[in-house]
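Asks: Please read through the structure below; I'll follow up with questions.
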Amino acid sequence: MAAATTTLTLPSLSSSSSSSSLSPPNPSVQTPLSLSSKTLPKSHFPYSHSHSFSLSNPPKPFLLASAAKSPISDFFSGDYSDDKPREECGVVGIYGDPEASRLCYLALHALQHRGQEGAGIVSVNENVLQSVTGVGLVAEVFSEAKLDQLPGDSAIGHVRYSTAGSSMLKNVQPFVAGYRFGSVGVAHNGNLVNYRSLRAKLEDTGSIFNTSSDTEVVLHLIAISKHRPFLLRIVDACEQLEGAYSMVFITEDKLVAVRDPFGFRPLVMGRRSNGAVVFASETCALDLIEATYEREVFPGEVVVVDKNGIQSLCLMAHPQPKSCIFEHIYFALPNSVVYGRSVYESRRTFGEILATEAPVDCDVVIAVPDSGVVAALGYAAKAGVAFQQGLIRSHYVGRTFIEPSQKIRDFGVKLKLSPVRAVLEGKRVVVVDDSIVRGTTSSKIVRLLKEAGAKEVHMRIACPPIIGSCYYGVDTPSSEELISNRMSVEEIREFIGSDSLAFLPFDSLKKLLGSESPNYCYACFSGNYPVEPREIKVKRVGDFVDDGLNGSLESIDGGWVQANRNQNLDNHPTVEKVGGI
């Protein structure tokens, strides 16, 4: 991919070229922060240094964010099926390591399961922000030569999930922009539910947008803030955001990590042996680059890292945390720790609960690889039945393949999953999967197993039925497409053709989480949304990407509908489809 160098000033963002740099403007002398001191207690932020930021006229009271210990979710494997929720991205930030960009590259490898369609890194060297972004996997975007373009001891990175579209490259993060007092880069995991109204307001005042990403709104809000210090500009911007955001910012001299007041999406902090500070979406990224996990970034917290050390502030009064439970069910890798809980242990326990509450006589337990494996191990151990590999996943299927001219039933699933006849033939089989979304893939898997000789096929799903779309950074179908929103469990069983079907009971899930249960978001299971999705994004196949769409502004407006604020969200607002799905 050809690289290009661009010098930018706000409101323009880094263009769809794969490489760019930003030289900072020469601002006037800064007025120091001389304001009433108010920081978080060191007992909660043990890595704070004596120097602390302080604010005058703070927009919200400074309150301590309680650490919400939550479970961590499982490895996302969308390889075998498109019929799964998609986590939209993963972020990483590194401060104080001479190999920052290369460590960022490795950390993004560890987070590749959170996004396979685009990747980017921004580094800082001699007060210049250098950016390399591209479409594809991390290893496809970056080479030795590309990483040589990213010197410096600070960097941020991003991996992105998307559908498709010609405007894809310009939506690949991190975004970089110049404004009056310097340059800033940002990488964002999440989704803003008030994006459309914020964008319209900014456009009314003259802002020009280069992308269809809600993340660009954040940069514009930072640029137009009346506050002088960068920290206060972030505070000002975040106060206007609604929804999910775990973000890392980079400037000429600072690395900043921010998490929304509800803590929807994960973000953790670690440290390497040389003192370098690392932020990442999951602890698996810390493990790969040999950084020691220290703690989560708390809901509503802003963590600033610079030459003075680490300052931790909670700049927004926030309600009870509502961390995404699907991190533990599907998205995170099993070797990660999310919300203070082991994802592996969570998933194994989900399987044990299924074996206890939905037992069935069987000869063998298998998993839909890879995301169902840990739950299947838990089911098998609790049921006292052997776990075996009854389905083998191909690791070599690319994004595209040539279909045979003669129609082969279930060709796509067969290409990615192969049944093991020796394990299945004549057996009563329990097959464990992490979730059922539309149900189309589950029906193909059941048929595949029976054609391979399985005497009975019993489906066990390691999460409750999904009845609501997510508006907080997960790409899910509209509620009308969710099979559990349209059918009973028995109707779904008939549809997929299994001999029995059982989901993880919702009440059992909450009981497992115990006192931490209120700290999780269950909107996809209950339809009760912690932040009301007033603007509902609807996808039109072939046009939309995950954070926007191609085409004119008129078509962008056509992709959004206004939710009925007076309607009970338990019943899910009816969405007018803008295209067949």
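The values are calculated or read from the model by the stated rules, or taken from the named source; none is laboratory data. Keep in mind it's a predicted model, so treat the numbers as computed, not measured. A quick note on method: Cβ atoms are made from the backbone with ideal geometry, for glycine too, and the neighbour counts reach across all protein chains shown. When the accessible area is computed, the model is the full protein with side chains, heavy atoms only, and any ligands, DNA or RNA have been set aside. Shrake-Rupley method; radii C 1.70, N 1.55, O 1.52, S 1.80 Å.
Asks: Would you please give the residues with an amide H less than 5 Å from that of Val302, counting only those at least 5 places away or on a separate chain, with H modeled from the backbone geometry?
Replies: The answer is Leu313, Cys314, Leu315.
Asks: Give the residues of the range 169-209 whose amide nitrogen is closer than 16 Å to a point set 7 Å from the Cα of Val128 in the direction of its Cβ.
Replies: Only 177-178, 183-184 pass the distance filter.
Asks: Report D for the range 160-233 in µm² per second (integer): Stokes-Einstein, Kirkwood Rh on Cα pairs, 20 °C, 1.002 mPa s.
Replies: Details: Rh = 13.3 Å.
Using the Kirkwood radius from Cα pairs, D works out to 161 µm²/s.
Asks: Now for a separate question. Can you give me the Cα centroid spacing of the range 116-139 and the range 270-347 in angstrom?
Replies: 22
Asks: In the range 86-319, what percent of the accessible surface is made up of carbon and sulfur (1.4 Å probe, ligands and nucleic acids excluded)?
Replies: 50
Asks: Would you mind checking Lys322/Lys510; Lys226/Lys322; Lys170/Lys201; Lys201/Lys226; Lys414/Lys450 for any pair whose Cα atoms are more than 20 angstrom apart?
Replies: Those over the limit are Lys226/Lys322; Lys170/Lys201.
Asks: Where does the range 86-319 land on Rg/Rh, using Cα atoms and the Kirkwood Rh? Before the final figure, lay out the partial values.
Replies: Values: Rg = 16.1 Å, Rh = 17.3 Å.
That ratio is 0.93, to two decimals.
Asks: Now for a different question. Considering only protein heavy atoms and a 1.4 Å probe, what is the carbon-and-sulfur percentage of the accessible area of the range 340-497?
Replies: Carbon and sulfur: 50 percent of the exposed surface of the range 340-497.
Asks: Determine the per residue accessible area of the range 86-319 with all protein chains present and a 1.4 angstrom probe, expressed in square angstrom. Show your work: numbers first, answer last.
Replies: Working: 6270 Å² over 234 residues.
Value for the range 86-319: 27 Å² per residue.
Asks: Counting Lys and Arg as +1 and Asp and Glu as -1, what is the net charge of the other residues whose Cβ lies under 11 Å from the Cβ of Leu424?
Replies: Numbers: positive: Arg421, Lys427, Arg428, Lys450, Lys455; negative: Asp363, Glu425, Glu451, Glu456.
Counting the neighbours of Leu424, the net charge comes to +1.
Asks: Taking the Cα-to-Cβ direction at Glu144 and at Met487 and moving 7 Å from each Cα, how far apart do the two end points lie in nm?
Replies: 5.4
Asks: Stretched out fully, how many nm does the piece from Ile392 to Asp153 gain, at 0.36 nm a residue minus the Cα gap?
Replies: Numbers: separation 239, 0.36 × 239 = 86.04 nm, distance 4.24 nm.
Full extension from Ile392 to Asp153 adds 81.8 nm.
Asks: Arg393 accessible area, nearest 10 Å², 1.4 Å probe?
Replies: 20
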